Amino acid sequence: MTQSVIVQVGQCGNQIGCRFWDLALREHAHVNKRGVYDEALSSFFRNVDSRISDGGACGVGERIQHLKARAVLVDMEEGVVNEILQGPLREVFDSTQLLTDVSGSGNNWAVGHMTYGSAYREQIVDKLRKAAEHCDCLQCFFLIHSMGGGTGSGLGTKVLKLLEEEFPDVCRIVTSVYPSAEDDVITSPYNSVLAMKELTEHADCVIPVENQSLVDIVNKIKYMSDGGKPGSVIKRDSAIISGRGGLSGAEKPFDAMNNIVANLLLNITSSARFEGSLNMDLNEIAMNLVPFPRLHYLVPSLTPLYTLADVNVPSRRLDQMFSDAFSKNHQLIRADPKHSLYLACALMVRGNVQVSDLRRNIERLRPSLPFVSWNQEGWKTGLCSVPPVGHSHSLLALANNTCLKSTFVELSERFTKLYRKKAHLHHYLHVDGMEQSCFSEAVTSLSSLIEEYDHLDATKGKIVLDATRLSIAT
Amino acid sequence: MSVVTLQLGQCGNQVGQELYDVICSDAQDAQRRTTHTTVSCERFFHQNKHGDLVARAVLIDMEPKVIKQSMKKAADSGRWRYGDDSHFSQKQGSGNNWANGFCVHGPRHIEVVEELVRREVERCDRLAGFMTMMSVAGGTGSGVGTYVTQSLRDAYSKSFILNHLTWPYGTGEVIVQNYNSVLTLAHLYQLSDAILVHENDTVHRICSQLLNIKHISFSDVNRVIAHQLGSVLQPALTADSHGVYSRNPLGELVSSLACHPEYKLLSVCTIPQMPSSSIAYSTFSWPGLLKHLRQMLISNSKMEDGIDWQMRPPSASERTRSLTGASFNTSLANLLILRGKDVYSAEAGGFEDPALYTSWLSPETAFTRWNSPVPFNKYEKSATLVSNSQALLKPLDNMVRKAWNMFASRAYIHQYIRFGISEEDFLDSFTSVEQVISSYTQLCN
């Protein structure tokens, strides 16, 4: 069994990470009733004997002594990390996994990337190495950060670069929270575009989620659980947004949104942790979904989001789950994949679902979904037999789809609006190592990415003939 | 003689486990026929010091979960088990990448695997050969499987090697499956004595239409494959075996079916297949079974449901063929295996019609028949046909077409280059598989 390390950077990254660890513990507690440290647990947690100084590690098969998260927490403020350390999850981390400063990055990518990036380089690498040393087969780093601020976007992408330098063979999957158009951080377009260049160049996969989509989903769930249509009673403790049953007590404003992202991460890794009749390992994600190295942005959608009360879901409702995964209001980013072009799509199913259910639904949905001509059958599937807590089954779809183009175009426009007036530019150019060329390179990188999507989009709907085959002399 | 199997990757390890299970339960069911049981057990199992039957298998995967599951299932059956130390697994899979399996994992672990195989071979009094079981879609089965086959070929140059391949569903398993399949087939064609193929799509249809399974799982699919394989590999009497169960199943199979190095692709169909609850209420007659089976062969349907009864062997003047239209399935060679009651009364003349075969081989050479009076797997009478024919031409052509379209836009190539497979390697593989397609297309001329 392989292990993964979560690297959470900045306020947003740490808040999501915190929800993730809470839910991961709950999920394993639900599956693992005997209190034995099993392989599934080992993928995200170490089992240490705290009586021995320096934490003597206990192997798989022994009793659970003391679980420690395989995580590195980085923030340039103390607030969020301190809160975690005073909260119920404090036991899961120890001080060697944390790195904080006091002054923050002031919503400035350059401060995070350049200033803190060079000041803390050694310490970060050291902590990453420590986390890696605790794994006997490290497969994947999951980086969680936001794009809008300074620390998450600036230092986060610096950490990504360090990961590539130090661990070139370990897969890097990044979950990036994109700011809404009405973001309160004025410099967020700068930060996002500067960060995008790093993501495009150094990540294996990026899973973008958007604040606004998360808000919409949360509101809809709350609305439906507060009445809504009769008959469609939503479980109060729907695992998607509620942390109830986990360690944390009262909920904070962003908790519901962060829970959704944490669930996304849980589902991506489920097949690597638990058994199933069709395993989908983490390194298969990039292999199947990334046809060209730079186009590695994957649109996530999660179903069921709006859980209905009864658990024994009949087949029609199971089919509904598959349909929902392609509908606009189940995407975790504001985009409409159904009306754009699919390059590839993965369906990661959990729970009591058979291969025939999968096949039936793919056949049913295929005609309505446009796929690129050379990948008409671009489906990758995984079946994991352990469902999420409180559900009988669930589906995570990851789509490599040109619908992201509109998100990127919008971002690029907001960037240009500021950049044309050179607004706030001096804050960035003050920073050591930051030059104006960084801006132009970043925006060029984004434009060329948009262009690549454009080229593919242009082939949509056209009848493409089969490539002329090699002929054999007879 | 004994057969050593190598189970590779998730698919290989799951199908292999089902195969041993079918063989074991069939052999023990047939206890009244002691020689049959003895021969079957010697062929596939050895006995450990506690008297347990232990499969002559080496289990290989790059991740531990599936092997663990298969070994547990075997042990739970109470009838047979896998050897305690005849398996090899790593922690991290090949990630659906043939190049990762073939260029990285294969070379890295070949010594350990060779040692496991050697130990298994030394347990055999007489070695008939090897059967490797794998899928062509993923990375471990296809990539490591190809590498291991290559090393078997080097180390046991005189032994027979039969590759059993599971071809993926047309859609929805692995996106790069067509690349992986082309690379695997191109390489195996140089190494293997014969390649026996099961297509998931076909087997899935058998599960739903013949066996009436509502929610088809992979283990249902694998059980059908195991049933068909078992009916080929269980002991049977050949024409010149003089009442003694054939001693080298792989050798006899290869020599009767793979008579030309350009033609190595074998497909299987079996009749009857039905839900076990219906067997007791059904009667079978040899003429009926064989009439169906013959029509399944010439119209190329792998199921007795929906056979095209209009299909007739073409007269000498109309021997042409298109890839797309429904057309007559020309054979190079066929092997008919009959098991059950009154097997010697069965009349198989329909399979000796020269119109079924290519013009350059006489039907006497092209057709072989094996018999066994012992019924197989609860069917009172059953017939299996292993065919070296154009049956796989269409799925193979589809596979290459899709891979070639993808290659034309160079999609996913960077993932292979990373592990040392270049564009030229791809082109070489495409060329060899196109050669195979061309040869099979010529078969009807």
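In square nanometres and to one decimal, what's the mean projected area of the convex hull around the Cα atoms of the range A:85-188? Show your work: numbers first, answer last.
Numbers: hull surface 31.0 nm².
The Cα convex hull of the range A:85-188, projected and averaged over all directions, gives 7.7 nm².
Of the heavy-atom accessible surface of the range A:287-446 (probe 1.4 angstrom), what whole percent is carbon and sulfur? Before the final figure, lay out each step's value.
Numbers: 3140 of 5800 Å².
Whole-percent figure for carbon plus sulfur exposure: 54.
Given only helices, namely DSSP H runs of n ≥ 4 each adding -39500 (n - 2.57), what is the per-residue ellipticity at 222 nm of chain A, to the nearest 500 deg cm²/dmol? Intermediate values should be presented prior to the final figure.
Working: 14 runs with 180 residues, N = 474.
So the calculated ellipticity at 222 nm is -12000 deg cm²/dmol.
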To the nearest 20 debye, what is the magnitude of the charge dipole of chain B about its Cα centre, counting +1 on the Cβ of each Lys and Arg and -1 on the Cβ of each Asp and Glu?
680
Gained length - B:ASP29 relative to B:ALA239, 0.36 nm times residue gap less alpha-carbon distance
73.1 nm
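How many percent of the accessible area of the range B:394-444 is carbon or sulfur, using a 1.4 Å probe? Write down the numbers at each step before the final one.
Details: 970 of 1850 Å².
Of all accessible area on the range B:394-444, carbon and sulfur atoms account for 52 percent.
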Residues of the range B:8-48 losing 30 Å² or more of accessible surface, assembly versus chain alone, probe 1.4 Å, please list them.
B:GLN10
Quick one: putting +1 on the C-beta of Lys and Arg, -1 on the C-beta of Asp and Glu, what dipole do you get for the range B:270-392 around its Cα centre, in Debye to the nearest 20?
180
Equivalent ellipsoid dimensions for the range B:102-181 as semi-axes, Å, which come from the Cα gyration tensor, largest first:
26, 14, 9
Where the only charges are on Cβ atoms (+1 Lys, Arg; -1 Asp, Glu), what is the dipole of the range A:46-109 about its Cα centre, to the nearest 20 debye?
360
Give the average over all directions of the projected area of the C-alpha convex hull of the range B:2-267, one decimal, in nm².
14.1
Using bins 5 angstrom wide from zero, how does P(r) for the range A:379-424 break down, in % of all Cα pairs?
5, 14, 14, 11, 10, 9, 10, 9, 7, 7, 3
Would you calculate the convex hull of the Cα atoms in the protein assembly as shown and tell me its volume per residue in Å³?
174
In whole angstrom, the spacing between the Cα centers of the range A:414-440 and the range B:346-410 equals 69
Can you tell which of A:THR175, B:ALA383, A:GLY13 lies farthest toward the positive end of the dipole of the protein assembly as shown, using +1 and -1 charges on the Cβ of basic and acidic side chains (Lys, Arg; Asp, Glu)?
B:ALA383
Extreme residue, positive dipole direction of the range B:133-286, given options B:HIS164, B:GLN228, B:CYS269 (C-beta unit charges)
B:GLN228
Cα-Cα longer than 32 Å, checked against B:LYS68/B:LYS378; A:LYS130/A:LYS417; A:LYS197/A:LYS328; A:LYS460/B:LYS394; A:LYS380/B:LYS158, kept in input order, equals A:LYS130/A:LYS417; A:LYS380/B:LYS158
Using a 10 Å cut-off on Cβ to Cβ distances, tally the other chain neighbours for every residue of A:339-349 and report the average as a whole number.
1
In whole angstrom, how far apart do the alpha carbon centroids of the range B:1-47 and the range A:362-384 sit?
38
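Report the B-A buried area as the accessible area lost on both sides summed, probe 1.4 Å, in Å² to the nearest 100. Walk me through the intermediate numbers first.
Values: alone 18010 and 20390 Å², together 34030 Å².
Summed over both sides, the interface buries about 4400 Å².
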Hey, any idea what the orientation-averaged projected area of the convex hull of the range A:324-474's Cα atoms comes to, in nm²?
15.9
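Classify the range B:60-215: rounded, prolate or oblate, from the alpha-carbon gyration tensor (a ≥ b ≥ c, eigenvalue square roots; a/c under 1.5 rounded; otherwise prolate if a/b is larger than b/c)? Before the final figure, lay out the partial values.
Details: a/c = 1.44, a/b = 1.18, b/c = 1.22.
Rounded shape, in that the Cα axes give a/c under 1.5.
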Distribution of pairwise C-alpha distances over the range A:3-405, 20 Å bins, in %:
28, 61, 11, 0
What is the distance in Å between the Cα centres of the range B:213-257 and the range A:1-75?
48
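Under the Kirkwood approximation for Rh and a Cα-based Rg, what ratio Rg/Rh is obtained for the range B:178-288?
When Rh is taken as the Kirkwood radius, the ratio is 1.02.
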CD proxy at 222 nm, helix term only [per DSSP H run n ≥ 4: -39500 (n - 2.57); per residue of chain B; nearest 500]:
-12500 deg cm²/dmol
Along the three principal axes, how long is the range B:394-444 when you take its alpha carbons, biggest first, rounded to the nearest angstrom?
42, 16, 13
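According to the square roots a ≥ b ≥ c of the eigenvalues of the Cα gyration tensor, what is the shape class of chain B, taking rounded for a/c under 1.5, prolate for a/b larger than b/c otherwise, and oblate for the remainder? Before the final figure, lay out each step's value.
Details: a/c = 1.57, a/b = 1.07, b/c = 1.46.
The shape class here is oblate.
The values are calculated or read from the model by the stated rules, or taken from the named source; none is laboratory data. Nothing here was measured: the structure is a model prediction, and the numbers come from that model. A quick note on method: Cβ atoms are made from the backbone with ideal geometry, for glycine too, and the neighbour counts reach across all protein chains shown. Only protein heavy atoms, including side chains, enter the accessible area calculation; ligands, DNA and RNA are left aside. Shrake-Rupley method; radii C 1.70, N 1.55, O 1.52, S 1.80 Å.
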